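Read the figures in this text as sums done on the coordinates, not as results from a lab. From a predicted model like this one, the values you see are computed outputs, not experimental measurements. A quick note on method: Cβ atoms are made from the backbone with ideal geometry, for glycine too, and the neighbour counts reach across all protein chains shown.
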């Protein structure tokens, strides 16, 4: 019996990780739970929430599978289950109280999961929880203003409120969700948190938890119908309030992209790339048209799949090598071919290149921007998505090509099966979505658009993506790319015998010097450093919000010290203060009484 | 001279005197509480302040000429008697005050035995 | 007079047991009474809820009010009495089953704890001002002794500090009572409430300030609460749990109760109470940021929560007051849990200093896990009761379109999160847990489940109230009504309507 206990635990854990799938498939109707007064929680599955529940249903078991490896870590399992529960409560909630409850459960359980990592520092943990709680409290403040305006917590259009109330709700809720998606300059918790979290948990953070911020942002059009246009009218072809959001998203995308390029740590790079990708989503949501929002939803889906894939893959690499910096890896292509293909597929999806669905998503967003005549934004998006190629390139080049830069990288073997299965599943899903973009539009995106009162995009067939500005056929595209890939690979294998191979990485010399073992020869080493010399980008890279945050912390602690000093005096001082109050208050009262 | 005594015997004057006296006592106690360092002196000051309050209450609640509120030979009606409530209350307060004082002194003695100090400032130095 | 329907049992029974316990030194069997009495009173209190909902119970002692002393058991008082009995039962059970500290074993601490219960119940129940002073001193004296009961230097220092500052509070409050009697000739609260308006305004102000300072010191409000961290630091955590869970709550209730009753103009009362509450909240939360000793940190956090409760009570609206009662309950639950966890930790490690506890979570997973639950409840995170109570308060403010307290409460919660999560992080720090494992681990046997049972009960209650707050909704709303409805109280005591 006792020998089976770990196995039973793992099976139970895996079974629980399937609950989002179960909820998605079986939840119907509305379930009401009373709280107090006239308040009650309402749980129902709206199409918008169903989309995010789908992400959860995909991601949870895929992450749970590698998590279940090794000796069972009961606290981690329990916290992960709580996290799933919180996210489901969040998504099922038909009112703001339920949403907030889910949001908070998600926040604290993810924090507790994060600090289970041995790499978590005090600074990282504090940044994570304080930013997230600040976001939660902004949300709470916003929904209290909402309540004071409507007398109800139900998520519904805010029609009868005054302008001040509407703006208050918009700003508070908007800020709350923007912190969660990690918009600049509110992003600092993301690189720290994703970097320091347990490796597999980073996949959940990037793939699932950050999407809850997107869910929140998608609720804003529900509260302010007509794509936020009711707030401040329209600008060019889109809503003015959305224009602001779109620019926040675009600037975030650009800055985060360059930040990502200059990172030396894989997980930090992925963190910054997440920020950038969600910046695209924000821009698209700002446009608010059917095309752009459709692109945003598709982008959310693709980003979830890609980030799950990349984080799980790199978690496998870190597990096998213990190395996480570009400088310390290299040449894993021979030893970890599945991981190589996973990252290859991942970066194609991340960069939004054809034939994978990332391209379809970006295409929709770009078309949406053109449709709204926001061309300056379009240029900004182009800039950042082009620059994104560089970090994508680093992701494949650094760990997989070139020389192996550490003994661990030299002796690594493929990750265990529990890591490979999710990788293969995710690769398959990405390729399938690439072949059938029309299917994704019709089955996944359109119901959400309809729920948001937007016109569905529609697709002539499952393989085709069609917009008023043209489209493409995923089947043909995939065939072309697939054939090209097969031909190039075949040629390479045929020519393999004739290529000269270096005997050792140090079998070279330059300028008369022979490199030593500790000299980084890897091309990926220090890549992105040169960016600092480019005027504007260099300035961006050199400036961070760390100083502001540190300053704020210092000031708060100084105030705390000052006030704490009051509490350390002797009893006589305490009594003296009481007597002083006694003496001063009647005096003040008498003075006031004399006046009135 | 008698006039002076009569004047002094007027309730308002008498009450005024009592008021001034007990307030003086209160302030002396407060001074001791804030200015002295020895624990016993602090406790004495506390007792003094309490005493001042008690005195104030008793003094202001009676007027000269009133008798104790006890029926006895010749006193068969509740007229011209002092209000019995303050006296009852003050008796209770005195008992309570004494209990606190006794406890305080015993704590101070224990503290002095353990630390060889009876300075109130030393109490503040107790660190983590 | 029926046996079951008298509020006097809540005071008389613990006192009787406390004072008579030296008589049965030989019969150890009777010691069970010391644990049984608070439990019995708790059951009695729970049984009385339905009765009290109809009409408050008034127990007159010898003469009818306004001349005689009376005890006034309305919904508000009953809620607190039930809470106090619960807290004492719980702490007593915790100590009964495994106090390793010799000074907390045996009869003496239980006698004092029962006196504390009697004092707390008396404070809440009494309808007479001087009687209030007596209970204030009874609760005070038992608290001073409980602080010093460990009889070593820090405990004695803390006890002396508490005694000195507590006596000053007593003198101020007594002076206020004396002045009230001299001005109105009344001591019955309801009668004083009626007569208070006729006092000259300057004297009104003086009385109010004296009473405020006296009760402010006792109920740990900002400019008067400097003694709290030292006292909480010096006494045993299990005892401190009672101070934070029972004693402060009683004084806070008295303060609000008197303010509502006596102050004619609710606007002035509102300004005063809310200012004090807000100040206490912010100052305490900020000061807590730099505390490196668990008991001190918990003390500051307790102060902050007291400020929050006062802020909500002080708004004098039914909805926030009900929320404040709820928060009072959930804060008691959480602080009992946290202080008892501190007590458990202190049985195994030598110091509750932050550095000494680094990595403790990996050595004592259950104990530190309970700490995390308590911290989450204090921070007001769902699904624990602290969230529901805060939500109740916040929605009360939002419904009244008053937003500054909301902002204040949320900022304070963020600061609070700053230090609680710092502690949690350090408790789970991966650093070599040498400091923890070196100390006392080897020689203490692992705790039995009986030790954890009270703590787990607390967690269960927090969850229950956090998920299903409607189970106590009726009691809370009744309590808020009873607290805020001044006319009703005066009428029920004196039988006449207030002017």
Förster radius 22 Å - calculated FRET efficiency between residue B:109 and residue C:108, Cβ distance, rounded to 0.05: 0.75
Checking rank on C:210-216, A:396-402, C:452-458, A:116-122, with mean other Cβ inside 10 Å and highest first, the result is C:210-216, A:396-402, C:452-458, A:116-122
Rounded if a/c under 1.5, otherwise prolate or oblate - the range A:1-129, Cα gyration tensor axes: oblate
Using a 10 Å cut-off on Cβ to Cβ distances, tally the other chain neighbours for every residue of A:574-585 and report the average as a whole number. 6
Go ahead and estimate [θ] at 222 nm for chain A from helices alone: -39,500 (n - 2.57) per DSSP H run with n ≥ 4, summed, over the residue count, rounded to 500. -22500 deg cm²/dmol
Can you give me the Cα centroid spacing of the range A:338-402 and the range C:372-390 in angstrom? 43 Å
With a 10 Å radius around each residue's Cβ, average the other Cβ atoms per peptide and rank A:244-251, A:541-548, C:197-204, highest first. A:244-251, C:197-204, A:541-548
Beyond 48 Å, what share of the Cα-Cα pairs of the protein assembly as shown is found? Please give it as a whole percent. 40 percent
Please compute the volume of the convex hull spanned by the alpha-carbon atoms of the range A:1-225 and report it per residue in Å³. 130 Å³
Quick one: compute the contact order of chain C, relative version, from alpha carbon pairs under 8 angstrom and 6+ residues apart, as a percent. 15 percent
May I ask you to sort C:487, A:195 by Cβ crowding, counting other Cβ atoms within 10 Å and putting the fewest first? C:487, A:195
Determine the relative contact order of the range C:235-369: mean sequence separation of Cα pairs under 8 Å and six or more apart, normalised by residue count, in whole percent. 30 percent
I need the peptides A:281-287, A:479-485, A:297-303, A:456-462 ranked by packing, meaning the mean over residues of other C-beta atoms within 10 angstrom, with the highest value on top. A:281-287, A:297-303, A:456-462, A:479-485
Mind jotting down the three principal axis lengths of the range A:257-388 based on Cα atoms? Whole angstrom, largest first. 49, 25, 17
Count, for each residue of B:33-40, the Cβ atoms from other chains sitting within 10 Å of its Cβ, then give me the mean as a whole number. 3
Projected-area average for chain C over all orientations - Cα convex hull basis, square nanometres: 22.1 nm²
Restricting to Cα pairs under 8 Å and 6 or more apart, the percent relative contact order of chain B works out to 24 percent
Computed, not fitted: 222 nm per-residue ellipticity of chain C from DSSP H runs ≥ 4 (each -39500 (n - 2.57)), nearest 500, equal to -24000 deg cm²/dmol
Taking the number of other C-beta atoms within 10 Å as the exposure measure, put C:228, C:149, B:27 in order starting with the fewest. B:27, C:149, C:228
Considering every residue in C:150-159, what mean count of other chain Cβ atoms within 10 Å of its Cβ is obtained? 6
Radius ratio Rg over Rh of the range A:546-595, counting only Cα atoms, Kirkwood formula for Rh: 1.30
Quick one: B:105, A:89, fewest Cβ neighbours within 10 Å first, how do they rank? B:105, A:89
Could you state the number of Å between the C-alpha centres of the range A:117-142 and the range A:177-192? 10 Å
Calculate log10 I(q)/I(0) of the range A:88-206 for q = 0.13 Å⁻¹, where I(q) comes from the Debye formula with a single equal point scatterer on each Cα and nothing for solvent. -0.54
So the pair-distance distribution of chain A, from every Cα-Cα distance in 10 Å bins, comes to percents of 3, 15, 25, 25, 16, 8, 4, 2, 1, 0, 0
Say a paramagnetic label sat at a point 7 Å from the Cα of residue A:543, along Cα to Cβ; which residues of the range A:259-303 have their backbone N under 18 Å from it? A:259-260
